[in-house]
1. Roughly speaking, what is the stretch gain from T262 to T484, that is 0.36 nm per residue apart minus the C-alpha to C-alpha distance, in nm to one decimal?
2. Suppose the chain between D58 and E652 were pulled fully straight at 0.36 nm per residue; how much longer would it get relative to their current alpha carbon spacing?
3. When N counts the residues of region 248-332, how does its alpha-carbon radius of gyration compare numerically with 2.2 N^0.38 Å, as a ratio?
4. Go through region 201-279 and name the trypsin sites (Lys or Arg not before Pro) that are in a DSSP coil and have 11 or fewer other Cβ atoms within 10 Å of their Cβ.
5. What percentages make up the Cα-Cα pair-distance distribution of region 178-311 when the bins are 10 Å wide from 0?
6. Could you work out the relative contact order of region 455-535, using alpha carbon pairs under 8 angstrom and six or more residues apart, expressed as a whole percent?
7. With every protein chain left in place and a probe of 1.4 Å, what is the accessible surface of V278, to the nearest 10 Å²?
8. Over region 346-495, average the accessible area per residue using a 1.4 Å probe and give it in Å², no decimals.
Amino acid sequence: MTTTDKAVPMAAQRADIDDLFWQDDYEPITADDAFLAEVVAKADLPALLAALAAATGDTSGLVEDLRPPLTPVDTVGHPHGGMTEAQQELARRLALDGLRRLRDEHITSVDVLPDDTVQHILTFLTNGNESWVPSLRHELDLAPDKGGAPSWRFGELAPGREFEVLVVGAGIAGIAAGHRYAQADVPFTMIEASDRIGGTWWKNRYPGVRLDTPTFGYSYSFAQKTDWPHQFAQGAEILDYLETVAERAGLADHIEFGTRLTRAVWDEAKGVWVVTTVGSDGVTTERMFAAIVSGLGQLDIPHIPDFPGLADFTGPVMHSAEWDDTIDWHGKRVAVIGTGASAYQIVPAMVDEVAKMVLFQRSAPWMLPAPNYHDTVDGTFSWLVRHVPHYGQWYRLWVTTLGIPGRFHSVEAEEGWEGVPLSVSRTNQKVRDELIGRMAEQLQGRPDLLELTTPSYPPGAKRMLRDNGVWAYSLMQERTTLETSPIARFTPEGILTEDGTLHEVDLVVCATGFRPSDYLDGVEIVGRGGVEIHDFWKGDTRAYNGVTVPGFPNFFMLYGPNVGGVVAGSLHFMIERAVEFSLKVVREVLARDIKAVDVTPEALDRFVAWVDAANRRMAWGQPYVRTWYQNASGRVSQVWPYTNADYWEITESVAPGDHEFIA
Ligand code: NAP
């Protein structure tokens with residue numbers, strides 16, 4: 001089979017479609033049946049059947065017996081959502097017919113679908129899980145009630161009212177907020193401390209940086225790029241995407257670069273936030289905003305442990321998120337501290353080009369098999385994206401569907417399970433055994449390494465990494481030392497471990513993570529009654545829906561506490577829903593012509609109790625586990641233990657009983 005490399009045609013923006021990457025027309029199919037059969041043989045069947053049903057308007061083939069069973073995923077995803085061989089055979093026949101129809105009837109575009117067609121296709125893809133459907137409609141360009149975009153405009157609700165919102169940060173969250181607030185015509189200013197768009201993807205530019213979740217689950221519902229080059233996008237590709245989104249959303253005029261938020265004080269009488277910012281020139285500015293939307297990330301503040309003697313080391317020390325491009329590490333002796341998601345990308349990217357690699361491991365990571373981790377998108381996929389109208393979007397929706405249950409079932413603790421502290425349930429133990437077996441295969445001949453890299457905690461208790469063999473390869477290189485003796489101190493020459501070994505190195509990379517519990521560190525937010533937000537939290541970050549905090553009216557956090565998905569869900573979905581929730585609150589303020597809305601302490605307590613109860617049932621919530629998902633007191637303050645569908649539901653409206661409306 002031959003496929004061309006021709007790029008997907010430039011997206012046409014259409015005012016009535018909520019997608020900055022919407023494409024009206026696709027390339028006509030001219031290929032013969034044999035070629036089409038080869039395409040079908042390699043395609044993802046549920047996504048293709050959905051796309052073809054939408055394009056032809058014929059949903060008759062999507063019968064109950066053909067629905068993908070969505071077999072729960074332990075370690076590796078089941079092809080076609082677990083469809084049986086017989087289902088796959090029938091699906092391929094249907095798909096081939098559908099492709100022939102596109103060709104013979106010259107179908108190259110599809111418009112928004114009738115509601116019953118959308119419903120039929122979503123019932124098919126979700127195997128009848130109707131409770132998931134609203135959250136999926138939120139993602140589907142072709143749904144007549146897609147949602148997401150505000151249905152109201154500032155001028156209609158509050159003509160002439162002086163009202164300006166401050167959006168903090170131009171990363172994934174800030175861009176989402178900017179786009180939605182612009183759509184509602186709500187006046188806003190966006191500030192960004194650095195001089196570029198991109199947030200975490202601008203800061204993290206270490207060697208090997210890329211996504212470690214599938215690319216097609218990592219885009220905005222309102223900017224569904226489909227011509228991604230890699231299955232797991234490289235950092236630069238994501239940065240480029242974010243810049244393109246910001247440009248298409250027309251955000252440039254709203255952003256003040258080199259401007260950092262340092263303080264915001266709620267003025268009760270005026271009902272405004274008095275905001276202090278500092279420019280890169282050091283000049284302090286004070287101004288007033290009616291509301292603040294914070295897009296400051298959870299994984300924003302680098303954690304460099306206070307190693308004794310750190311200052312004595314004569315070479316450079318850099319954190320993974322503060323990579324210094326001017327330092328040439330090639331041919332040098334390099335130490336990498338940490339074995340989390342960042343180290344896992346840095347070490348394989350450097351190992352072949354350094355003189356020596358010393359990797360300091362405190363705990364071994366779990367790794368999920370992902371043989372395609374470094375692969376480009378294949379030719380068949382690109383062909384489908386170019387020729388089947390909205391195939392890329394349907395594939396994205398299919399990935400999102402699979403992400404709703406995710407791998408929850410494999411991390412839920414079983415009451416009375418005897419395998420603790422190594423596993424939390426029978427399924428979890430099965431995952432453990434499978435993953436260890438896989439490592440054993442990769443580390444053949446190195447039982448020493450297998451012992452050192454076998455985690456002593458349950459799979460899923462910490463973030464699981466993607467394994468295509470490069471980690472084992474890196475560890476097995478002669479120039480690599482895996483050091484598990486704790487770091488005693490730094491010396492001028494290198495790092496001394498507690499077993500008395502001195503590792504002489506030229507450069508130290510601290511891939512030691514972030515301080516998510518110190519959320520909003522460096523920023524003072526003073527709310528009602530003069531209470532500062534960190535004093536309110538006392539080290540335990542909490543927010544209603546992950547967005548609002550009692551006593552801090554009209555203050556919203558995007559991707560705040562307890563909304564991070566770790567075995568399921570989509571980061572963009574959670575951020576977008578937080579933005580939409582904030583806009584719903586702002587709408588209340590405008591429509592009621594009041595100063596502000598504040599969430600009640602009772603509502604926050606209820607939300608936290610609900611989230612805590614579920615987190616306690618998960619691997620990461622067990623008392624014998626330590627992970628950055630928890631704060632200093634051990635409470636899981638970062639993770640969202642429910643599904644996207646659940647978050648869709650709780651962010652759908654501003655419950656009057658949970659809020660105080662401040663006139
Ligand atoms: P991390 O997962 O928190 O890992 C930090 C590592 O440093 C851990 O191995 C930790 O050991 C170790 N460490 C911390 N303090 C130490 C000390 N005093 N001595 C020795 N070792 C120490 O940080 P990260 O790798 O930067 O990743 C953080 C999160 O960022 C990820 O979980 C993920 O959500 C995100 N991330 C995503 C991507 C991606 O999508 N591509 C890439 C990178 C990061 P312990 O495990 O024992 O604590």
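The values are calculated or read from the model by the stated rules, or taken from the named source; none is laboratory data. Owing to the predicted nature of the structure, the values given are computational and were not obtained by experimental measurement. Counting neighbours? That spans all protein chains shown, and the Cβs are built from the backbone with ideal geometry, glycine included. Keep in mind that these areas ignore ligands, DNA and RNA; they rest on the heavy atoms of the full protein, side chains included. Shrake-Rupley method; radii C 1.70, N 1.55, O 1.52, S 1.80 Å.
1. Going from the current span to full extension adds 76.0 nm.
2. Additional length available on full extension: 210.7 nm.
3. 1.62
4. K270
5. With 10 Å bins starting at 0, P(r) equals 10, 32, 33, 19, 7, 0.
6. That works out to 11 percent.
7. 40
8. That works out to 39 Å² for each residue.
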